[in-house]
Amino acid sequence: MATHPPSLPLREFCPLYYLLNAIPAKVQKGFRSVLVYLTALDSNSDYIAVGSSIGMLYLYCRRVSQMNKYNLEGKSEPITVVKLLSCFDDLVAVGTASGRVALFQLVSQLPGRNKQLRRFDVIGLHKSTVTALAWSANGMKLFSGDDKGKVVYSAVDLDKGVCNPVVLLEEPSAIVQLEYSQKVLLISTCQHSLLFNTQEQSLVQLGTKPRKSNGRFGACFQPALCKQSDLLVYAARPGLRLWRTDVRGRVQETHVLKPLFNQAVPQFQLFPRSVPAGSYQPTDRQLGVVSCFLKEGWVLSWNEYSVYIVDCTNQVIIGGLESCGDIVSVACTDYEIFILKGDRDIMRISNCPEGLPEDERAPVDESEEVKEEFSQALEALEVADEVEGQKRGAALTDERSRSSSITSWESTQGFSTASTTETSELSSSRYSTITQEDFQQELVVKPVKLKRKGKRRRQGILLAESWMGYSGPGCGILSLVVTDRHVWCLDFKGSLYCSSLPNGSLSWQKFEENVQQVALSPSGSLLWKVEQKTMTAYACGKVTIKGKRHWYKALDETAFVALSDDTAWIIRTSGDLYLQTGLSVDRPCARAVKVDCPCPMAQIAARGSVVWALSEQRALFYREGLSSYCAEGEQWKYDKISESQGLESICIALGENDTLWALDTSGSLWFRTGVTAKKPQGKDEHWWQVSITDYVVFEQGGLFQMLIQATQSVATVTRAPVERVAERLRVAFLSPHSQCQPSLVSAGSSGVWIASGRNDFHVAKGSLVGTYWRAVVPRGTASATKWAFVFSSAVPTKEGSFLWLAQSRKDLFCIWDQDLQMRPLTVQLPSDVEMVQVSACRDALWGLDHLSRVHIRTLSASCPTGMHWTPLDLSQLGHVRLRSFSCGSQNVWACDANGMVYFRVGTQPLNPSMMLPAWICIEPPEQPLGVHLVVVHTSPNDRMLWALDSRGCVHVRTGITEEMPVGTAWEHIPGLQASQLVLSSRTVWVRCSNGEVARRYGISDKNPAGDYWKKVPGLINWLAVTPMDELWAVTPAGALTQRLTKTLPHNTGKNHGNTGSLSGEELEEEWEVI
């Protein structure tokens, strides 16, 4: 243990912003926000482990300043206890409220240590809440206790990957604390403390006197290098007494501590907070769970009301923290104490700032200068509290929101993160002007601006479009309307709310009641409402958020209203359509004129001189002939594009930059561009679909933690995905004859807003990428031709890529994707051969037949599809049957039926010296029994290797370089199960078992595993990607399709169409972190 002068004070040097900001305050469960409470805590010199109410374990690695998260999977239930262990491998065990125990063997970068995360579960033995955990020093034994008194022993064999639990004993009261040393298990219950010798299977009680009262009193071993017979125990007793016993339970000494508490207990000096964390005196002081701390004879005791450190040798209270009963958990290392208090406050108490090297942990000089800084911090805190109080008085409410994505960030190169030593030297005056709440508001609410660099970054993390979630103000959302400066919400009860457009939070104010429908002009200058029951439309004169407002009767029997900046389009309850023109702030309503329409309309969208309508039968129409001189227009035109794509819209909206938006009955979001008065149908020949399924998974906190490091812990971000709007839309609003027509999509200068029908909505403020799968019919084939598969490869000399496709295993065609006529060339297969797989590079086409034989076809500039097939000599592999292979530019990877991996240099049958290239056997990743690799895929440039196993799990080969082309290790990529895997030159795409497509983001030379998956619109049966990330696919109906994308930049009037993916999906836009 470290030695320090006895006079050295213990205090909190700085709040743990880096830790607390890395744990989201709430997560998204579908469209429902769930608060995250911190429920358990443990720490050692390497890690800080925090359990949560949502069943997520947050593990902060102190060595590399990185937050990882681990999900127990299955039902989300609170974690009640956490226990860390550092031995040959780093281990962490957790217990839950339902009695589940799980232990994780963590990944280590050190040589010879574990390279793959593994989890072991103990299920079925504990039937109630787990309250205590204890490890053996070597990590081979784990003991767990619950609140019914059951103690379970789990024998852990990390080499074999097994965990065998058995019930050790059962007590009549709850287990309070467990400790294990020298084959002796120390058990503390609410009734007594016991010593269980695991070797002799003997059980003895500490002391002979029973407790005067039951309670949560713990016991611990005194740390010492000694044999079993010399073990000593400290045990807490009622009435502020502490026993010191030997390993046979005989009491050697009783410390009566009650007289020490007759004087004022010295409190730990805490960092200034807006709400004092201590200064509360419990009515009945007691000891609780105990552990030895810092110096010989020092004992740390804690319960829900207090934390005390007592020097038993000198009979002195070193320090303490007393509260009103909100202390959740306490953990300590050799020289620091971590206290989890309330819902999510963690304090670090120590004798030195965090991060100091061991040889630099000198006594902190309590000089006048330091004291003066601390007093200045307190004075500044009072000023900050006063200012904050004024702010709270001015605002009605403050609904905080969290982004379901993260800011795209420049490469961490160029950012200088302060070293731990520098951080420790920061005095408290650095934070003196803001409280913790102010600190979060200051840094969470404001946008994080990014500086562009001249060169395109290579290792910066690129994020796709993202959606931020907000909570609505009332009971569900019937209509959501966004103007240039405000966002308006109408709930199911008819209450209309308004908030200024957010910089990060919304401040809702109730505007009106008894509203059936609301309409606003894009600028917000015109406001109409349709009153409940009477169905009468009223126009508001001079819209103001506060103060009195005057309503003018506009029209009775009104079902729906749409406003442009000078016109009102009104659908009457009879189904007739009317128009009011010449509107302004001073003239919010006028005489209504009837407009002919081909069928009863349900909704209208108007902006500028463009008007679209949605009929009661979900058909879309647009109005031709509108201009500043002719507000009525000439005629309605049926939108055939919507019909051809089978689009069934539920609501429509016109947005900035000549865009049209539609939300369909399946919850998909679509847009069209170039929608102008001269061409109201737009310039697109189809709708573009936008992904509103956000990140499938955000594993290990890698990307998130990079932000935390780069910004010095300034961002709080949720990792929960934004799910499809469809699940909420199907519940309500789907009756075409309903009087309550929803307005669930709205677009303006602030972004695209979508409501779910429940009390939440989402907004995309950055650039968006639209997807359209175009059907391609190769020349000379019928449109009904059903294709079985398609592969892609680079062309030997020309630009573009080759597509290798077939209708069955007995034919093969080649198409150059730059050929506008898409003329297929027939590739003759060897006789009596069925090709089950092909893989190609610039100079060779490899085929695997149904008998596991390999055939190679040499490609050249003069004969780009090859002349003949050459059988490959596989005699070196013996009886091995290859199951899959993949060609890179110079190397070939293969996988056999048993999951073994093979590497070969050269893509030709023979090398120039006429020697047969050798196959190198590569050990596959460690897998559970019965699970093995089935597919390997290398990138066209040989820089990446990814694999699928028999369960659909994804793996990546790390450490691949030019010097080490075979790589060094395997890493499992969690987040989804895949049916197919394809690689371009820079990233990875997968087809999931349900036909959905996802892309891996964040892959680089230094981060071969990438950071997260993101799904792409579309359902397919087969997927192929060119080296330049252009996607081709076979649909469930067997048609060949190509993915086209269109980028919709935010706040610009230009749209860029392309047939690839990169320009749309690797935008370096400025993102806002909420």
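Rule-based calculations on the coordinates, nothing more; no lab input. Owing to the predicted nature of the structure, the values given are computational and were not obtained by experimental measurement. Glycine gets a Cβ as well: all are built from the backbone with ideal geometry, and neighbour counts include every protein chain shown.
By counting other Cβ atoms within 10 Å of each Cβ, how are Arg853, Arg842 ranked from fewest to most?
Values: Arg853 15, Arg842 20.
Listed from fewest to most nearby Cβ atoms, that is Arg853, Arg842.
From the backbone phi of the range 232-241, what are the Karplus-calculated ³J(HN,Hα) couplings (6.51 cos²θ - 1.76 cosθ + 1.60, θ = phi - 60°) in whole Hz, Gly and Pro given as x?
Once θ is set to phi - 60°, the couplings for the range 232-241 become 10, 10, 9, 10, 6, 10, x, x, 6, 10 Hz.
Extension gain Ser831-Cys475, at 0.36 nm per residue separation less the Cα-Cα distance, in nm? Display every interim value, and only then the final one.
On the way: separation 356, 0.36 × 356 = 128.16 nm, distance 6.94 nm.
Difference between extended and current length: 121.2 nm.
Restricting to Cα atoms and excluding each atom paired with itself, what does the Kirkwood estimate give for the range 849-988 in Å?
Details: mean 1/r = 0.0629 Å⁻¹.
By the Kirkwood definition, the hydrodynamic radius is 15.9 Å.
For the residues Cys921, Cys292, what sequence is obtained by ranking on other C-beta atoms within 10 Å, fewest first? Display every interim value, and only then the final one.
Numbers: Cys921 12, Cys292 20.
Placing the least packed residue first, the sequence is Cys921, Cys292.
Under a point spin-label approximation (7 Å from Cα along Cα-to-Cβ), what is the Asn514-Lys209 distance to one decimal in nm?
Modelled inter-label distance: 7.5 nm.
Defining a contact as two alpha carbons under 8 Å apart and six or more residues distant in sequence, what relative contact order in percent does the range 619-683 show? Kindly include the intermediate steps, with their values, before the conclusion.
Working: 107 pairs, mean separation 17.0, N = 65.
That works out to 26 percent.
What order, most packed first, do the peptides 54-65, 473-484, 628-639, 773-784 have when packing is the mean number of other Cβ atoms within 10 Å of each residue?
Numbers: 54-65: 18.4, 473-484: 21.4, 628-639: 14.6, 773-784: 12.6.
So the peptides 54-65, 473-484, 628-639, 773-784, ranked by packing, come out 473-484, 54-65, 628-639, 773-784.
Going by amide H atoms built from the backbone, whose H comes under 5 Å of the H on Ala897, apart from near neighbours?
Here Arg881, Arg883 satisfy the definition.
Considering amide H positions built from the backbone, and no H for Pro or chain starts, which residues 5 or more places from Arg607, or on another chain, come under 5 Å of its amide H?
none
Arrange Met140, Met822, Met944, Met347 by Cβ neighbour counts within 10 Å, fewest through most, would you?
Details: Met140 13, Met822 18, Met944 26, Met347 21.
Ranked by crowding around the Cβ, least crowded first: Met140, Met822, Met347, Met944.
Can you list residues whose amide H is under 5 Å from Gln532's amide H, if they're 5+ apart or on another chain and H is modeled 1.01 Å from N?
Val515, Gln516
State the Cα centre-to-centre distance between the range 112-183 and the range 193-232 in whole Å.
Their Cα centres are 18 Å away from one another.
Using θ = phi - 60° and the Karplus form 6.51 cos²θ - 1.76 cosθ + 1.60, what ³J(HN,Hα) does each residue of the range 1034-1046 get, whole Hz, x for Gly and Pro?
Once θ is set to phi - 60°, the couplings for the range 1034-1046 become 10, 6, x, 7, x, 7, 8, 10, 10, 7, 9, 10, 10 Hz.
Contact order normalised by length for the range 1-105, with contacts defined as Cα pairs under 8 Å and 6 or more residues apart; what percent is it? Before the final figure, lay out the partial values.
On the way: 179 pairs, mean separation 17.6, N = 105.
Rounded, it is 17 percent for the range 1-105.
Whole-Hz Karplus ³J(HN,Hα) for the range 769-786, in order, using 6.51 cos²θ - 1.76 cosθ + 1.60 and θ = phi - 60°, x for Gly and Pro?
10, x, 10, 9, 8, 8, 6, 10, 10, x, 4, x, 10, 7, 5, 8, 4, 9
Quick one: length gained pulling Ser173 to Ile920 fully straight, 0.36 nm per residue minus the C-alpha distance?
Numbers: separation 747, 0.36 × 747 = 268.92 nm, distance 6.04 nm.
Contour length minus Cα-Cα distance gives 262.9 nm.
Cα convex hull of the range 6-108: how many Å³ per residue?
Values: hull volume 14.1 nm³, N = 103.
Measuring per residue, one finds 137 Å³ for the Cα hull of the range 6-108.
What is the sum of charges, Lys and Arg at +1 and Asp and Glu at -1, for the other residues whose Cβ falls under 11 Å from the Cβ of Ala134? Kindly include the intermediate steps, with their values, before the conclusion.
Values: positive: Lys83, Lys141; negative: Glu179.
Overall, the nearby charge balance is +1.
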